[in-house]
Amino acid sequence: MEVAVTSSARGAQGKGIVVVKPPDYYEQYRKFVEAGDEKEVVAGVLGPLLGPGSILDVGAGCGDIPEILGLRTRDYTAIECHVQCVEVLRAKSLNVIEATFPCNLTRRYDNILLCYCLYGGRFQCEAILDAAWGALEEGGRIIVVTFRDHLDDYNRLLHRIGHTLRGHGDRYFAMILRKLESLAPVTRDVAHSSLYGRDLGELADVLSFMATNSNAGTVQRRGEIRETILAERPYLDGLYRTESGAYRFPIVHHVLVITKGMTMPREQSGSRGRVS
């Protein structure tokens, strides 16, 4: 019988936010991290965006990004609810709050990172962003890293196997963007990483983990998606198989930044910066 790992928090209007992960989440997450260069790529983007002062990293995972950026020497705090990830963060001598965000905080922060923790529906996303805005110092910034369904390779594959509806991720991205724009002007950028597999089975393992890394994900569903991906061998071989016989699969990351205290005239509202 599958036993999920759960954690909950109180969001806006007293409603609960619940995070549910399959029992093998930690092992599968580590395989995903080791299969690609996502953490290095995202860290390379975040480094120049982080302003001076304190940092709150919501959903910090195992602390790969703060480790790459050397944030241990800064005023850094991680928020993480998964017990095994918390143990790893503490083993790296990183300050960690074991909780699900939003949670009770005793201070405000100059930088708040929200890397792949905005999912679960409009209420949950807005509750997280409102809480982050409330915990942000004047002049501080919120940095969001997320996916977007814009016919990138990952979402094209999910559409192909029937796992997602075409355009769903675009609507979700638009919802996050609108919420951020209601708080402050938004600057936008993109980053590109890759997943690697020595064979199609390894690639299917990490892609099926990504597809089910949500509150609705289960071990059974992950296995079903993995088998569906394996059945797409001709399609995947034609696009992502290298001359060596291994696989390289591209992933696109979208980076959204807002700064507290920045305002704009109503007629100039909208996103700023590079738009993909």
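The values are calculated or read from the model by the stated rules, or taken from the named source; none is laboratory data. As the structure is a prediction and not an experimental result, all values here were calculated from the model. So basically every Cβ, Gly included, is an ideal-geometry build from the backbone, and we count neighbours across all protein chains shown. Note: areas computed on protein heavy atoms with side chains; ligands, DNA, RNA excluded. Shrake-Rupley method; radii C 1.70, N 1.55, O 1.52, S 1.80 Å.
Look through 197, 162 and report the one residue that is out of contact with any Gly (no Cβ under 9 Å at 6 or more places or on another chain) and within 24 Å of residue 31 (Cα to Cα).
197
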The residue that is nearest to residue 190 (Cα to Cα), considering only those in region 139-157 that are open to solvent by less than 10 Å² (accessible area, probe 1.4 Å) and in contact with an Asp or Glu (Cβ under 9 Å, 6 or more places away or on another chain), is 149
Filter the strands (runs of 3 or more DSSP E) completely within region 1-90 down to those with at least 1 residues that are open to solvent by 50 Å² or more (accessible area, probe 1.4 Å), modelled with pLDDT under 95 and among the small types (Gly, Ala, Ser).
5-10
Scan region 110-138 residue by residue and report those that are surrounded by fewer than 22 Cβ atoms within 10 Å (Cβ to Cβ) and over 26 Å from residue 216 (Cβ atoms).
110, 133, 134, 135, 137, 138
The residue that is surrounded by the most Cβ atoms within 10 Å (Cβ to Cβ), considering only those in region 158-174 that are aliphatic (A, V, I, L, M) and at pLDDT 90 or above, is 158
Can you find even one residue in region 205-224 that is part of a strand (DSSP E or B) and either open to solvent by less than 30 Å² (accessible area, probe 1.4 Å) or in contact with a helix residue (DSSP H, G or I) (Cβ under 7 Å, 6 or more places away or on another chain) (or both)?
no
